[in-house]
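Remarks on the structure that follows.
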Amino acid sequence: MYYPVKKFKNIFYRMTVLTLALLLSANVFAHHVLGRPAYSLNEDSNTPPSMQVETQIGKYFVTYMIFPAFPKPGEKGRINIYASRIDSGDTLASPITFLVRNDGWFVDKTEEVLGTQDVYDGVYRQGFVFKQNGSYIITAKFEADGEPYSIDFPLQIGESTSMLPIGVALGSIVLVLVAVNIVQRKRLMREKIQDTRNDA
Amino acid sequence: MTMTHPGLPELWGYLVWGFMLVFGLWSLMAGTPHELQRRTLNLEAFCLTRPLVQFFTRSLWPLWLLKLVVVILFLLVIVAGLYGSPIAERNLATVLTWNIWWAGLIVSVFFLGSAWCAVCPWDTLAGWMVRPRLWFARINNSLDLKVPRYLRSVWPALLMFIGLTWLELGVGVTTSPYATALLSLLMVVLATLSMALFRNRAFCRYICPVGRTVGFYSQLAPVELRPIDADVCAACTTLECYNGSDKVDPCPTQLVMGSLTQNTYCTSCGNCVRSCPQQNVSWRLRPPSHEAVADARPHWDEAWFMLGLLALTAFHGLTMMPFWEQWMSAFAQQIGDSGQLLVSFSVGLFISLLLPVLLYALTIFVLRHLNGRQVGFRSLFTGMVFITLPLAFVYHIAHNLNHLVREGVGLVEVFMNPLGSGFAPLSMAEKHQRHFDMLISQDALFVIQGLLMMFGFWLAIKVLRHRGQRLLPQAGWRMLPVLVFIIAVNGFHLWLLMQPMVMRM
């Protein structure tokens, strides 16, 4: 779901330096576990909850927020993206293009452009309205230091249909039990034939 | 903003360290340990405990009822996970599975041994589907194949445990109700598949990471299922405990009661109690250290499992330290990892598994050389590995108590609304409230954690003295490398406990 866009050079040297640095590092502040969705209320508790994913890519920390956390079809929603350099904390300045594709099973996965947004007050804001329920992937693309960056985030519109896991689990169990039953019957038949031959 | 739980106070750190140093030095200077006295207490011999023990062991329906309750809860977890709110702290699936069950399971071993295995819903559901016992007949949908030789070890369980840890901490199953439900379904499918192919409960014995973890820790449990009179078992020719009877299934993990010396593979199902025609099997109390000290027999695969337990318990603690994410983030930058940083996490997991194993292997290597290479490396490696069991067990309990006591407070709320429908995420005020709303007082928790660390150290020293005496009778001070290993591991665990711990949900 997430695309690594990194250089991979001099890894052993870097790992050694890093290990030493880690061993000597002091305690620092905690924050959300990277890359996992977290749900929280906004500062103004009258607003609905938001979903937030923090991640890092290349030289940037990226925070992605969805308002509201559980958007419904036909409902206006908004994506906020905050991107800042890991080393200096400087905010990203280049524009971000937002694309969307359907992440469901057996559907057209063609990407559509939602829009391209410039940073305003440190935030990239992209509005959306979806007509149908479904699981979607939002891709945020930007360029920094001459390198292309591309990050995928999940977006669920409406209720997810969750019959698939139960169907797969039950289906596989039934399949195994039926297969075992067939083998057992064959075994019995073979034994019967063997017994008949022995009797003869 | 992420909340953290306060760590064990400094005073407790000094106390435990003082205890470790004084007791450790004593163990080096003390003479040969006394012969272990086997004192056990048959729970059916006392009028107070007899009715309760007989109620649960002689008849099938109390256990069946318990199984039914657990299965209903398990199915509720699946439904809540698949159809409920994705907010982890509002959904029964995540709260019940990770804050209560997973955290409480290890604590339960301290009192009840492997009792969980007797009511495990994965095995119960698999049993109901593959070998249902109906009112008119017994149906067997299993091929009853022999388990292949290469699978007859705890290596599959160790791999599963590593995989579970990866899913739990790396992928973040603990914070996703949906993923929790998927994992639950997967375990049922695996248990069913295994039962449909192999005879008895191959899944429980060789594959289940939870069952084996509980099994190994049960070596330190104060209860055991054993024969009342060993002579009766010695004279038995029918072995109903192993073969089963018309009405009772055979031992699911193929144990013969007469030769049972360790709890590791006992699932506490009580089949042996019900099937024995002489009524010669019963629950009894025992000192918690006997099995690890003397009775348990060393095996190569089991040694690795115990080392795996040690490494993975410490790893669990490590990943909940506030600095872990900074480490991962810095490492990810170096290797070019992005997104959920799974590559970085996997490397961290691998290093965390490797370090304790290397440290232990080095300890055994030095021990062997100090003692003139009288005993083979493999024998020492498997013989001394039991010292790791109490160290892992007490840290695991102390760590899990943090989750259970500090994060288990929202249980009533999620039972009232298992799917979390309409609930918003916890507000900061609620998070703070939960922070103070503990099941027991914080001071009581610290006392328990501190005492547990001392208890684990004491057990490890006891194992060292007795097993060391048997393997290297003349060793004396030359046991120092193992003592240093015990102090280092327990000291590291203590340090982890003293750090603030990130609140899971």
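The values are calculated or read from the model by the stated rules, or taken from the named source; none is laboratory data. None of the values given here were measured: they were computed from a predicted structure. Here Cβ is always computed from backbone atoms with ideal geometry, including for glycine, and neighbour counts include all displayed protein chains.
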Top-ranked residue in the range B:166-185 [being touching a Lys or Arg at 6+ places or on another chain (Cβ under 7 Å) and within 15 Å of B:Ser85 (Cα to Cα); ranked as farthest from the other protein chains (Cβ to nearest Cβ)]: B:Thr174
Any hit, the range B:263-274, residues being surrounded by fewer than 22 Cβ atoms within 10 Å (Cβ to Cβ) and in contact with a strand residue (DSSP E or B) (Cβ under 6 Å, 6 or more places away or on another chain): no
Boolean, B:Ile335 is among the aliphatic types (A, V, I, L, M) and within 14 Å of another protein chain (Cβ to nearest Cβ): yes
So A:Val174, is it facing another protein chain (nearest Cβ under 8 Å) and more than 26 Å from the chain's Cα centre (by Cα): no
Residue list for the range B:223-265, filter: in a loop (DSSP other than H, G, I, E, B) and β-branched (Val, Ile, Thr): B:Ile228, B:Thr237, B:Thr238, B:Val248, B:Thr253, B:Val256, B:Thr261, B:Thr264
Residue tally, condition buried (at least 17 other Cβ atoms within 10 Å of the Cβ) and within 12 Å of chain A (Cβ to nearest Cβ), over the range B:343-367: 5
Hits in the range B:369-386 - residues which are of a type outside the set (Gly, Ala, Ser), surrounded by fewer than 20 Cβ atoms within 10 Å (Cβ to Cβ) and part of a helix (DSSP H, G or I): B:His369, B:Leu370, B:Phe377, B:Arg378
Criterion (over 21 Å from B:His399 (Cα atoms) and modelled with pLDDT under 90) met by exactly one of B:Gly468, B:Gly476: B:Gly476
Where a residue in the range B:93-110 is not assigned by TED's automatic domain parsing to the domain that holds B:Leu185 and its partner, wherever it lies, is among the aliphatic types (A, V, I, L, M), with Cβ under 9 Å and at least six apart: none
Only listed residue being part of a helix (DSSP H, G or I), β-branched (Val, Ile, Thr) and out of contact with any Leu (no Cβ under 8 Å at 6 or more places or on another chain), chosen from B:Val69, B:Val53: B:Val69
Of all residues in the range A:157-171 being more than 24 Å from B:Leu125 (Cα to Cα) and out of contact with any helix residue (DSSP H, G or I) (no Cβ under 9 Å at 6 or more places or on another chain), the one that is nearest to the other protein chains (Cβ to nearest Cβ): A:Thr161
Of all residues making up the range B:125-165, the number that are among the polar types (S, T, N, Q) and under 15 Å from B:Tyr206 (Cβ atoms): 1
Long-range neighbours under 7 Å by Cβ, at least six apart or interchain, first residue over 18 Å from B:Leu66 (Cβ atoms) within the range B:119-146, second among the aromatic types (Phe, Trp, Tyr): B:Leu145/B:Phe198
Residue in the range B:3-25 that is closer than 23 Å to B:Pro177 by Cβ, out of contact with any Pro (no Cβ under 9 Å at 6 or more places or on another chain) and modelled with pLDDT under 90 present: yes
Qualifying residue in the range B:194-214 (condition: free of Cβ contacts under 8 Å to residues at least 24 places away in the same chain, surrounded by fewer than 20 Cβ atoms within 10 Å (Cβ to Cβ) and not hydroxyl-bearing (Ser, Thr, Tyr)): no
Strands (runs of 3 or more DSSP E) enclosed by the range A:1-103 - at least 1 residues per element that are modelled with pLDDT of 65 or more and among the acidic types (Asp, Glu): A:50-57
Output for the range B:435-476, where each listed residue is without any contact (Cβ under 8 Å) to a residue 60 or more places away in the chain, assigned to a helix (DSSP H, G or I) and more than 24 Å from the chain's Cα centre (by Cα): B:Phe436, B:Asp443
The range B:226-257, subset free of Cβ contacts under 8 Å to residues at least 40 places away in the same chain and among the hydroxyl-bearing types (Ser, Thr, Tyr), residue surrounded by the fewest Cβ atoms within 10 Å (Cβ to Cβ): B:Thr237
Matching residues, the range B:31-44, being assigned to a loop (DSSP other than H, G, I, E, B) and either within 26 Å of the chain's Cα centre (by Cα) or at pLDDT 85 or above (or both): B:Leu36, B:Arg38, B:Arg39, B:Thr40
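Per-residue answers, yes or no, for (1) in contact (Cβ under 8 Å) with a residue 40 or more places away in the chain; (2) within 26 Å of B:Asp337 (Cα to Cα):
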{"position": "A:Trp105", "(1), (2)": "yes, no"}
{"position": "A:Asp118", "(1), (2)": "no, no"}
{"position": "A:Gln126", "(1), (2)": "yes, no"}
{"position": "A:Glu143", "(1), (2)": "yes, yes"}
{"position": "A:Ile151", "(1), (2)": "yes, yes"}
{"position": "A:Ser162", "(1), (2)": "no, no"}
